[in-house]
Each structure stands twice: as structure tokens, then as C-alpha cells.
Amino acid sequence: MDTIIRAARPRAVFSPDHEAFRDSFRRFVEKEIVPHHRQWEREGIVPRELWRKAGAQGFLCPMLPEEYGGAGGDFGFSAVVIEELARANATGVAFQLHSDIVVPYIQAYATEARKCEWLPRMASGEMIGAIAMTEPGMGSDLKAVRATARKEGDSWVINGAKTFISSGQNAGLVIVVCKTDPAAGRKGVSLIAVEEGTPGFTKGRKLEKIGLHAQDTSELFFEDVRVPLDHLIGEEGGGFRHLMHQLPQERLVIAVRAATSMEAMLEETIAYTKSRPVFGQTVFDFQVHRFKLAEAKAEIGMFRVYLDDCLARHLRGELSAEDAAAAKLLGTEMQNKWLDAFLQMHGGYGFMAEYAIGRAWADARVGRIYGGSSEVMKEIIARSL
């Protein structure tokens, strides 16, 4: 399947080093992830041992400088990891959240001492990262967070609750979005890191979801949690600005996954419709399905060209927040549309969890919500008009 896609559309955004890394990581996915992912979906969590295996082979934090345990690569290596996990429909393996969303906050804003303490452990897979933004009753409005942190002597004291936190059960380090000055609105938002096992920090229930069943998603609670003052990530009161600076990459991560998911499910659906007999011919033989698949190939191919341009601009440090929002908006909306159409072509089998299309369809629905909803993406784009 991958040969078909890349032969028709050479992807200049990736170098020979990226493609060699892809081959290596694909073998890792096929050996260590694909045979076990259905069991992890039933268990609702990916074992921490997988993270340590990935770290030992250099597949975590590929953009992290070598002095902190990383490979010193660029975002192209991260995109390869995201694509290969999406191609295998391994939606429970949240390497991209850890490597490309959480770690950049530590790398960019933590003190040097904390970088040296945490980043090597995160690159090795010993410490898994999460970021706690969302609170009960609060959606995408980050300046409205109610969790608080106050200074007492040489400590921050954190109180509050978070929900829908990806990797919440596995997390060894959580970046908590909280208010250090509740009266200052967005200028009172700060980011503070809390390690697993800190007194007062507890992990609530593992939440049941309609998709992403292998990805642990949790409630987190903070009751008079004390951490040293140097657990502050960035500037006090600068949390909202730090979030806005890092969120475009998070949205690009989601768009990359959406594109590869569509490509993989298109090829799977073409193969299925050509093999599935109905009324004396195959499903593919019906013009209504052939034309729909042709439309899908054209539209998905068009999005891939746009996305690769966004990737190239991000590698040059030129991707704007508006373009990242557009990539996420278009990618996730298109993914939901086409995966629904592909499921329909599978008939009743598409609704069975044993078929990849059904699981991919359910997993894709959250793409229009997390990382900022589609409505928020439209608002961001509209501001630039």
C-alpha cells in the first residue's frame, strides 16, 4: 500500500535519512506493536515496557538534542513515527504526545537542571509525559482554568482537578496548566510540572471512550500538591503564551496522523471492495463505489500535497498558527468524512471491531475535538482574514 502512494507522489519533504529511519521504525511497529494492539485495546492501556523498548532503539524524542538523550533530528523524524503508527492503526501508542507535544515544553522552557534531570529519562522511555489542560466543565478556553498554584516558601502548592488527560495513568511527569494569579485572566496562567508519586497528586479512574481504547485517558486530582519553585515551566504568568507557541506543532501532529489514516484506509477499502462479492459481482464493480473511491483518492491526494507543504514550512520554522489550524481542520474533517464512507462500503463487517476500518472510524472522531475543536480552528483562521 505504501509503495502505491509514494510511487505516485514522491515526497521531497523526507530525506534518505528520514526514509531509513522509517524502515527501521516500521519493523519495530510490525514486531512490537501490531501483534499486541488489539489486546491493549481490551486492557485500555499500553504497557510501559513498550516505551522503554522504543527509547532503547531511539524512536522516542527524535528531535531532542543529543546532550539530553535524543537523536538531534528534525520534525521530519517525528512525522515518520506519526505516519507509521497511523498506517498500522496503532492509535493507542501515544509516542507523538510524549515526544512532540510534552517534551518540547520541557526543552524550551524548563530550567537547565530540570532538563538534565527529566529529558534523558523521557528519551529512554523511563518517564512518560502528559499535559493536563482540560478541566471538568471546561473545554478549549484555556484562560478559564480553575486549578490554582500559590507560592509558599520554596514551593508551589497546587489544587484542582483535570479530566480527559491522555496518558494520564502511564504518566510519570505531568505539565499542569494552572492559575498562579486567578485575577489576571490569561496573564495569570502558568505551567508547572508534577512528578508521579508527589504527595497529594492522585490519578482517578481510567475513562471509557468510544474510540482510542488502548490509549489511557484519565482524571487527575491535585490536593495541596507541593513541588519546588523550579518546577515552573517558563515564566510565571507566561503559560498561555507558551501554550500558544507550542500548539501549532500539536495541530500539525494531528493533521499528519489524519492524512496517513485516510491513505491507509483508502488502500484497505480498495482491496476489500475488489474481493467482496455481492449480487454476482464485486462491490468495486458498482460504479457508485468506484466513483466514490476515485473521488476519495483525488481529495486525499490533494490534502497530502498541502500537508507536505505545511511540513516543509514547519521544518524551516515558517508554519503559522493559522496554517497549522487549517491543516488540522481540513485533515480531521476530511478523515471523518472518508472513513465513514469507507466503513459504509464494508457493509456489516465495517461495524465489527475485528475490521480495521471500524476501529479507525471510531478513533478518528476525537480528531475534530482534541487539540482545539474544529470550531476553534475556524476562529483562529478567521482572525487572519
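Residues in segment 263-278 carry Karplus couplings, in order, of 4, 5, 6, 5, 5, 5, 6, 4, 4, 5, 5, 6, 9, 8, x, 7 Hz; the curve used is 6.51 cos²θ - 1.76 cosθ + 1.60 with θ = phi - 60°, and Gly or Pro positions show x.
Considering only alpha-carbon pairs that sit under 8 angstrom and 6 or more positions apart, the relative contact order computed for the chain is 16 percent. Amide H to amide H distances under 5 Å link D216 with V46, S167, where only residues 5 or more positions off or on other chains count and H is placed in the peptide plane. Rounded to the nearest Hz, the phi-derived 3J(HN,Hα) couplings of segment 65-72 under the Karplus curve 6.51 cos²θ - 1.76 cosθ + 1.60 (θ = phi - 60°) are x, 4, 5, 9, x, x, 9, x, where x marks glycine and proline. When the chain is described by a simple charge dipole with +1 on each Lys and Arg Cβ and -1 on each Asp and Glu Cβ, the residue from G371, M122, V288 located farthest towards its positive end is V288. Using the alpha-carbon centroid of each, what span in Å lies between segment 306-360 and segment 142-162? When both Cα centres are located, 36 Å separates them. Shape analysis of the chain yields a ratio of the Cα radius of gyration to the Kirkwood radius, Rg/Rh, of 0.98. Note on E196/E152: beta-carbon distance plugged into 1/(1 + (r/R0)^6) with R0 of 30 Å gives a FRET efficiency of 0.85.
Straight-line cross-link reach from K143 at under 19 Å between alpha-carbon atoms covers these lysines, not counting any fewer than eight positions away in the same chain: K162, K179, K187, K378.
Taking a straight line from the alpha carbon of K31, these lysines sit under 17 Å away, with near neighbours fewer than eight places off in the same chain left out: K53. Net charge dipole, segment 2-124: roughly 320 debye, given to the nearest 20, about the Cα centre with Cβ charges of +1 for Lys and Arg and -1 for Asp and Glu.
The charge dipole of the chain, taken about its Cα centre with unit charges on the Cβ atoms of Lys, Arg (+1), Asp and Glu (-1) only, comes to about 760 debye. Projecting the Cα atoms of P16, G44, I101 onto the charge dipole of segment 2-124 (Cβ charges, centred on the Cα centre) puts G44 farthest toward the positive pole.
When each of H245, H314, H98 is scored by the number of other beta-carbon atoms lying within 10 Å, the sequence from fewest to most is H245, H314, H98.
Entry note, segment 2-124: relative contact order of 29 percent, from Cα contacts under 8 Å with a spacing of 6+ residues.
Counting only Cβ charges, +1 for Lys and Arg and -1 for Asp and Glu, the dipole size of segment 129-237 around its Cα centre is about 340 debye. Counted residue by residue at 0.36 nm each, then reduced by the alpha carbon distance between them, the extension gain from D309 to K31 reaches 96.9 nm.
None of the figures in this text is laboratory data; all of them are computed from the coordinates on show. For clarity, every value in this text was computed on a predicted model and none was experimentally measured. Note: ideal-geometry Cβ built from the backbone for every residue, glycine included; neighbour counts use all protein chains shown.
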